[in-house]
Amino acid sequence: MPAKSKLGQNFLRDAVAIERIVAALGDCSARTVLEIGPGKGAITELLATRAKQVIAVEVDTALAEHLRSALPAERVSVVFEDILSYDLEAAAIQAGEKLLVVGNLPYYITSPILLKLAANHSFIERSVLMVQREVADRVAASPGSRDYGVLSVTAQMYGPVTPLFTLPPSAFSPPPEVHSNVFRWHFAPRFAELHVEEVSFIALVKRVFAQKRKTLANNLRAAGYEPAAIAVALKQTGVESTARAEALSLKQLAALWRELPQK
Ligand code: SAM
């Protein structure tokens with residue numbers, strides 16, 4: 001079966017990396033693990049020996065059929081479906097517990113998958129994901145770094161992100177053009193603790209990072225906030241009027257959300 005590049009098919013062929021990915025999920029002997037894009041089963045096979053139950057969601061019919069015949073049906077349910085339409089809530093209800101999620105993600109839909117996981121945070125305990133290195137760097141970035149932006153704040157508001165390791169293109173067949181990073185994302189949303197409302201907070205984050213070269217105040221002005229309201233909010237939160245959004249921690253962004261008029 002030739003790999004379909006339009007489905008992001010770069011199959012992992014590094015046994016040590018596969019072991020590290022599964023180990024990074026932690027003890028899953030009593031858990032249901034959802035695998036996104038099992039492909040030819042590189043990770044799935046090992047998972048089948050470690051997890052109580054594996055749900056493997058694959059959009060490629062030929063690969064899904066092959067996996068169904070190759071793996072023990074009592075441990076692995078291969079689902080032929082697009083992960084973006086797959087019902088995670090129903091899967092968690094059926095499992096009777098929050099899911100663990102693992103995936104060497106198809107890179108062409110990395111962001112939609114991350115957003116889907118965030119939107120379904122109540123049904124997932126933790127995940128171990130492989131994505132293009134540049135994207136992982138943005139997901140895990142700290143305030144003040146060049147990579148810190150909407151993706152970092154959004155991901156980290158849903159729970160801590162721990163970078164794990166990097167793999168070169170040679171770890172895959174066929175090799176992708178980019179390096180890949182594996183990270184753990186534990187779902188423990190911070191909205192309540194930081195006293196912000198999820199949807200409007202994320203909307204504000206998008207506004208303050210809209211143009212990275214502009215100051216935070218200028219981005220807020222461009223988004224239609226009154227200069228006087230911006231000045232008060234910056235003063236109350238102790239943020240310099242010349243600051244850029246990329247300098248602000250989650251706590252400072254939350255404080256800003258609380259001080260600004262709601263839109
Ligand atoms: N897990 C395998 C491995 O590590 O070798 C394959 C990883 S490969 C990078 C991505 C996999 O995701 C492919 O098998 C591809 O067919 C599958 N895929 C692509 N788009 C998908 C989608 N929308 N839903 C589910 N699986 C998808």
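So which residues in the stretch 76-107 are open to solvent by 50 Å² or more (accessible area, probe 1.4 Å), within 11 Å of the ligand (Cβ to nearest atom) and small (Gly, Ala, Ser)?
Selection gives 85 alone.
Quick grid of which residues meet (1) at pLDDT 95 or above; (2) more than 11 Å from the chain's Cα centre (by Cα); (3) among the acidic types (Asp, Glu):
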position	(1), (2), (3)
112	yes, no, no
118	yes, no, no
125	yes, yes, yes
135	yes, no, no
141	yes, yes, no
151	yes, no, no
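Modelled with pLDDT under 95 and either on the phi < 0 side of the Ramachandran plot or open to solvent by less than 60 Å² (accessible area, probe 1.4 Å) (or both), is that true of residue 241?
When the stated conditions are applied, residue 241 passes them.
Taking only the stretch 1-34 into account, find how many residues are farther than 16 Å from residue 75 by Cβ and among the hydroxyl-bearing types (Ser, Thr, Tyr).
1
Report every pair of residues separated by at least 6 positions or lying on different chains whose Cβ atoms are under 8 Å apart, first residue within the stretch 167-183 and within 24 Å of residue 126 (Cα to Cα), second assigned to a loop (DSSP other than H, G, I, E, B) and open to solvent by 60 Å² or more (accessible area, probe 1.4 Å).
167/179
Sort out which residues of the stretch 121-139 are open to solvent by 30 Å² or more (accessible area, probe 1.4 Å) and within 27 Å of residue 210 (Cβ to Cβ), and write them in order of number.
121, 132, 133, 134, 137, 138
Here is a check on your reading of the model: is residue 82 under 16 Å from residue 8 (Cα atoms) and outside the structural domain of residue 211 (by TED's automatic domain parsing)?
Numbers: under 16 Å from residue 8 (Cα atoms): yes; outside the structural domain of residue 211 (by TED's automatic domain parsing): yes.
Yes, satisfied.
Out of everything in the stretch 200-214 that is in a loop (DSSP other than H, G, I, E, B) and farther than 10 Å from residue 149 by Cβ, what residue ends up being nearest to the chain's Cα centre (by Cα)?
Looking at residues that are in a loop (DSSP other than H, G, I, E, B) and farther than 10 Å from residue 149 by Cβ, I get 210.
How do the pairs read when you match residues in the stretch 7-30 that are on the phi > 0 side of the Ramachandran plot with residues anywhere that are of a type in the set (Phe, Trp, Tyr) and open to solvent by 60 Å² or more (accessible area, probe 1.4 Å), using Cβ under 9 Å and keeping only pairs 6 or more apart or on different chains?
These pairs meet every condition: 8/108.
Testing residue 188 on (1) open to solvent by less than 50 Å² (accessible area, probe 1.4 Å); (2) assigned to a helix (DSSP H, G or I), one condition comes back false. Which one is that?
(2)
Would you pick out the residues in the stretch 1-56 that are in contact with a Lys or Arg (Cβ under 6 Å, 6 or more places away or on another chain) and within 10 Å of the ligand (Cβ to nearest atom)?
Answer for the stretch 1-56, where residues must be in contact with a Lys or Arg (Cβ under 6 Å, 6 or more places away or on another chain) and within 10 Å of the ligand (Cβ to nearest atom): just 11.
The values are calculated or read from the model by the stated rules, or taken from the named source; none is laboratory data. If you're wondering where the values come from, they're calculated on a predicted model, not measured in any experiment. Methodologically, a virtual Cβ is constructed for each residue, glycine included, from the backbone with ideal geometry; neighbour enumeration extends over all protein chains shown. The area values use the complete protein model at the heavy-atom level, side chains included, leaving out ligands, DNA and RNA. Shrake-Rupley method; radii C 1.70, N 1.55, O 1.52, S 1.80 Å.
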